[in-house]
Amino acid sequence: MELIGERWTLLVIRELMLGGRRFSDIRASLPGLSAKTLTERLETLQGLGIVERAFLPPPVAAQVYQLTEWGRALEPVLQELGRWAVRSPLHDPGLPLTPVSLMLSMRTMLDPDRIGELELWIAFDVGEEHFAGRLRGRELAIHPAGNGVASPDLRFSAPSASDFLPVFYGKRSPEEAGGRLAVEGDPELVRRFLDLFALPPKCGA
């Protein structure tokens with residue numbers, strides 16, 4: 001806790017878990033975080049060896065912050081905190097999510113025992129952000145996809161991360177959930193994929 005217990009630190013780490021991001025992108029994902037505090041947290045995390053700077057190649061040629069190998073090893077910690085949090089009777093499923101936190105929640109709430117032989121490429125379009133998912137073996141690998149994924153097996157698109165929740169975790173159809181999540185792909189594959197996700201029961205339930 002001495003290393004990662006300051007306010008905002010775990011959220012900054014979470015936003016870097018799927019790959020390097022520019023300072024402005026991190027701050028945009030965490031609107032309550034000031035530029036001064038973000039600068040301080042990144043400097044501290046760099047000093048600890050959890051975060052490092054990198055430069056994207058041309059034509060982007062931008063500086064990004066990314067987790068080191070040791071930093072990426074914090075994902076199981078975030079996953080356990082996520083499972084613990086949603087079991088609270090006070091958990092509010094209506095709180096806003098960032099696109100990255102949605103992708104991490106899918107990796108967390110996936111039941112690997114249900115995957116079997118199912119293998120898929122999945123595109124997730126969350127507002128202006130795009131992610132590619134690879135379901136294979138006992139895991140769902142996810143990484144940013146720049147301008148999007150061409151010809152995936154399944155595609156899920158919505159204006160915000162919160163629009164995914166009623167369908168993935170509430171088990172409502174896209175139509176029942178208000179039609180904000182668009183789904184493309186074979187209906188049977190969609191059903192099998194959505195069946196892989198489940199929230200843990202509430203404590204005391």
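Some points to look at:
- Reported count of residues in the stretch 50-78, each being in contact (Cβ under 8 Å) with a residue 12 or more places away in the chain, part of a helix (DSSP H, G or I) and surrounded by fewer than 16 Cβ atoms within 10 Å (Cβ to Cβ), is 2.
- If you check GLU119, GLU129 for being more than 19 Å from LEU194 (Cα to Cα), surrounded by 11 or more Cβ atoms within 10 Å (Cβ to Cβ) and of a type in the set (Asp, Glu), only one passes: GLU129.
- Single condition LEU42 does not satisfy, out of (1) of a type outside the set (Gly, Ala, Ser); (2) more than 29 Å from LEU110 (Cα to Cα); (3) surrounded by fewer than 12 Cβ atoms within 10 Å (Cβ to Cβ); (4) within 21 Å of the chain's Cα centre (by Cα): (3)
- Conditions (1) in a helix (DSSP H, G or I); (2) more than 30 Å from ILE26 (Cα to Cα); (3) at pLDDT 95 or above; (4) not polar (S, T, N, Q); number of the one not met by PHE193: (2)
- Among the candidates ILE4, ILE13, residue that is surrounded by 12 or more Cβ atoms within 10 Å (Cβ to Cβ) and in a loop (DSSP other than H, G, I, E, B): ILE4
- ILE122 in contact with a Pro (Cβ under 8 Å, 6 or more places away or on another chain) and in contact (Cβ under 8 Å) with a residue 60 or more places away in the chain: yes
The values are calculated or read from the model by the stated rules, or taken from the named source; none is laboratory data. Since this is a predicted model, take the numbers as computed values, not measurements. Counting neighbours? That spans all protein chains shown, and the Cβs are built from the backbone with ideal geometry, glycine included.
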